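Every read-out reported here was derived from the displayed coordinates using simple, explicitly stated rules and does not represent laboratory data. Since this is a predicted model, take the numbers as computed values, not measurements. Cβ atoms come from the backbone with ideal geometry, glycine included; neighbour counts cover every protein chain shown.
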Ligand SMILES: [Zn+2]
């Protein structure tokens, strides 16, 4: 595998990083339902993670009133 000959110095790394702004956490779309999902998180709407049903999604219950 190709390997860099020398580690980039702190200054060089910071100079490179200063050129491109932080875009925030990039969200992906769920493969099964298509809703936006944070990376490495279970989908909140359908409960699927990595093509496997990880959790059963919560359904909003009605009836409880304060
Ligand atoms: Zn989903």
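If each DSSP helix of 4+ residues adds -39,500 (n - 2.57) and the sum is divided by the residues in the chain, what number results at 222 nm, nearest 500 deg cm²/dmol? Can you show the working numbers first?
On the way: 1 runs with 10 residues, N = 66.
Result for the chain, helices only: -4500 deg cm²/dmol.
Calculate, in nm to one decimal, what residue 41 and residue 17 gain on full extension: separation in residues at 0.36 nm each, minus their alpha carbon distance.
Extra length available between residue 41 and residue 17 comes to 6.0 nm.
For each of 11, 1, count neighbouring Cβ atoms within 10 Å of the residue's Cβ, then give the residues from fewest to most. Working shown, then result.
Values: 11 8, 1 2.
Least to most surrounded, the residues fall as 1, 11.
Using the alpha-carbon atoms, what tilt in degrees (0 to 90, nearest 10) does helix 10-19 show relative to the longest principal axis of the chain?
On a 0 to 90 degree scale, this one is about 60.
How would you rank 22, 49, going from fewest to most other Cβ atoms within 10 Å of each one's own Cβ?
Numbers: 22 6, 49 16.
By the 10 Å Cβ count, ascending, the order reads 22, 49.
Over the chain, what per residue volume does the convex hull of the Cα atoms give, in whole Å³?
Values: hull volume 13.6 nm³, N = 66.
Taking the convex hull of the Cα positions in the chain, it is 206 Å³ per residue.
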